[in-house]
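These notes are about the structure you will find just below.
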Amino acid sequence: MAWRFEPGEGLEDAFRRVAVEEIARVRSSLGAPDADRNAAIHEARQGFKRLRGLTRLAKPRLGADFDAENRRWRDAGRLLSGSRDITVLLETFDKLAANGGAKLSASSVGRLRSRIAATGANGAAENSDQMQDALRLLSDAEQAVVRLRWPSSMRMLVRGLHKSQARLRRKWKKARETGEADALHSWRKCVKDQAAQLRLFRRVVNNGLRERRNEEKQAAEILGNEHDLWLLGERLAEMSLPQRLAQTRDQLRNEIEKHRDKLRREAFEKGEEFSSEKPKSFAGDIGAAWVKASKRKARKNRSKIRRAAGAARSGPTSPAP
């Protein structure tokens, strides 16, 4: 099955099934012998983020187990972050240089790029080791998630949804107040968590909530681009460079700040409505949609059972003597 809950499915079974299936999907991607390593690592990190979002949704029920599970998926993401970060930095650098190419020395741009790329020179060997470490982690995780006490009632689900929205609202307010890179990144992680959580309910939510998920995905992408530019700016600032390269670096950093400012404005405009919603309203809407869809599924099942029972009672028609 896909990353979604099925109407009529028991909640505890749904949480457990989705976790096990996502782990299997990530393992398959990382373990494929002919896999593109960069693509496999990217997909694995996305899977780890989804699993972390699932764990956060289940926090009220997981209780004391939450910290260990949250740490598991956080550490899994960090395990594969090094080579992926270099890839993202280079992609961001190329886009930035292309946009400001007319103002920059091509030779200086090339030399700066080479210096960034050099920090990932051992990437192939490191990737292989990291992927093996991640596969071992997934084997342990699969056994753990089967034993966990996942949410089993509507009350637990609504509490998880309430906490998700309250956290998102809190992080959005801090990002809006400070505009700091860390605050923006924390807001983005909450947005991604909730987009993954909403995707679980895509079979039951109305068009308004589907559109909300689209808005969250777009806001997360904008914030991701902003964060990538910030990381690139920090990497460039750390470099000790001769004067000619330092001038090109400073030009690029000026371009970075212009782009970041634009992206921040876009993110706040895109994210204000869903980030400011009251937690009670958000959790109630999702909970009500789930209950309605589950009842509808139960009625259909009862109707099928009655039809099957009626057909069994009537039996085959005997021919007249």
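Read-outs: derived from the displayed coordinates by stated rules, not from any lab. Everything quoted here is computed from the prediction, not taken from an experiment.
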Roughly how tilted is helix 106-118, in degrees to the nearest 10 and between 0 and 90, from the longest Cα axis of the chain? 60
For every helix of n ≥ 4 consecutive DSSP H residues, a contribution of -39,500 (n - 2.57) applies; sum these over the chain, divide by its total residues, and give [θ] at 222 nm rounded to the nearest 500 deg cm²/dmol. -28500 deg cm²/dmol
What span do the alpha-carbon atoms of the chain cover on each of the three principal axes, reported in whole Å from largest to smallest? 105, 45, 45
Taking placed amide H atoms and a strict 5 Å upper bound, the residues 5 or more places from Arg4 or on another chain that come that close are none
Using each residue's phi in region 172-179, evaluate 6.51 cos²θ - 1.76 cosθ + 1.60 at θ = phi - 60° and report the 3J(HN,Hα) Karplus result to the nearest Hz, with x for Gly and Pro. 5, 4, 5, 4, 5, 6, 9, x
Can you give the angle from 0 to 90° between the axis of helix 207-238 and the longest principal axis of the chain, with both taken from C-alpha atoms, to the nearest 10? 30
On a straight-distance basis, which aspartates and glutamates could pair with Lys295 in a cross-link, Cα separation under 18 angstrom, same-chain partners fewer than 8 positions away excluded? Glu6, Glu9, Glu12, Asp13, Asp285
